[in-house]
Amino acid sequence: MSDLKLVSSNRCFAGEVRKYTHASSATGCKMTFNIFLPDTAISSKDKVPVLYYLSGLTCNEDNMITKGGAIPYLSEHQIALVTPDTSPRGAGVEGEDGDWEIGTGASFYVDATEEPWRANYKMYTYVQHELQQLVAESFSIDSSHTSIFGHSMGGHGALVLALRNPGHYRSVSAFAPICHPTTSNWGRKQFSAYLGSNELEWAQYDATELVRSYNGPQLPILIDQGDADQFYSSEQLQPSHFVVASESGKHPVKLETRMQPGYDHSYWFIQTFMKDHISFHAKNLRE
């Protein structure tokens, strides 16, 4: 059993938001996450479905749960929410705090293979395996009803985890995700550092490349993108690449993409369409 330690607990919308820390074998350091538990899960009367949310560059475990506006809708649908941190923190990796696009707050949810990152930057393993096992063992969670979503770098992470683990997630959604990191400055820089120079290795963490070869149960995907997003206009995100790839795959996913006029890359955008995303996941988690 992990050394799970409760840091704080706050009553919110007929449930509790709790913050925990624990020692992670995947990252080799202390990790922190938040969880929203509806009252039915707290009382252990019923196990509830669970949503995981992966945040973007420079964020931590608090950004979404405090600014995303999700909790009223989660409470309505009786769904738990887990928001992990975006990287190891304080691991002592040389240069981890020197550049906001790489290192602390910028793991890109990969398992690094290159020095100096490889010992600690194992966020794919942390989120997909260690954290989810810990949550399933520690709370009244129905892990057979799991979905995932995220924003920007976290949208990239959510898509990658869902596409690489067919049948594990009931649905996946993303706000302004980095869709084709192997052809974007947000991706090539980080993958070179974390994964090395062999670009064939990068494809395992590229949603556009993964969706071409996806082979599993039909996966419901929802993507929202704002047309006033500066990172969309600078071609860091490239959602159109993902759309084309999804249509050309042998086993097409069930994809809905929406362009939202006037919206940018911020949490104001995320708040606006959060209800839609929770409803989308609630429908699929009930099936």
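The values are calculated or read from the model by the stated rules, or taken from the named source; none is laboratory data. It should be emphasised that the depicted structure is a prediction, and the values quoted were computed from it without experimental measurement. No Cβ is skipped: glycine too gets one built from the backbone with ideal geometry, and neighbour counts run over all protein chains shown. Ligands, DNA and RNA are stripped out before the accessible areas are found, and what is left, the full protein with its side chains, is counted by its heavy atoms. Shrake-Rupley method; radii C 1.70, N 1.55, O 1.52, S 1.80 Å.
For residues that are under 18 Å from the mean Cα position of the chain (by Cα) and touching a residue at least 60 places away in the same chain (Cβ under 8 Å), scanning just the stretch 239-263, find the one that is surrounded by the most Cβ atoms within 10 Å (Cβ to Cβ). Per the stated criteria, the residue is 242.
In this structure, does residue 33 turn out to be of a type in the set (Phe, Trp, Tyr), more than 19 Å from residue 133 (Cβ to Cβ) and in contact (Cβ under 8 Å) with a residue 40 or more places away in the chain? Taking the combined requirement at face value, the residue does not satisfy it.
Screening the candidates 20, 73 for the property of being of a type in the set (Phe, Trp, Tyr), open to solvent by 10 Å² or more (accessible area, probe 1.4 Å) and not in a strand (DSSP E or B) yields one hit, 73.
In this entry, residue 206 is excluded by the filter for residues that are of a type in the set (Asp, Glu) and surrounded by fewer than 24 Cβ atoms within 10 Å (Cβ to Cβ). Of everything listed in (1) out of contact with any Phe, Trp or Tyr (no Cβ under 6 Å at 6 or more places or on another chain); (2) surrounded by fewer than 23 Cβ atoms within 10 Å (Cβ to Cβ); (3) farther than 21 Å from residue 161 by Cβ; (4) modelled with pLDDT of 95 or more, the single unmet condition for residue 44 is (4). The set of residues from the stretch 115-124 being open to solvent by 10 Å² or more (accessible area, probe 1.4 Å) and closer than 15 Å to residue 205 by Cα comprises 122, 124.
The residue of the stretch 36-61 that is farthest from residue 135 (Cα to Cα), among those that are among the hydroxyl-bearing types (Ser, Thr, Tyr) and in a strand (DSSP E or B), is 53.
Just the residues that are touching a Gly at 6+ places or on another chain (Cβ under 7 Å), open to solvent by 10 Å² or more (accessible area, probe 1.4 Å) and of a type in the set (Gly, Ala, Ser), please, taken from the stretch 161-196. If the condition is that a residue be touching a Gly at 6+ places or on another chain (Cβ under 7 Å), open to solvent by 10 Å² or more (accessible area, probe 1.4 Å) and of a type in the set (Gly, Ala, Ser), then 167 is the only one that fits.
Among the residues of the stretch 84-107, those that are in a loop (DSSP other than H, G, I, E, B) and hydrophobic (A, V, I, L, M, F, W, C) comprise 91, 93, 100. Across the stretch 105-112, not a single residue is classified as in contact (Cβ under 8 Å) with a residue 60 or more places away in the chain, at positive phi and surrounded by fewer than 16 Cβ atoms within 10 Å (Cβ to Cβ).
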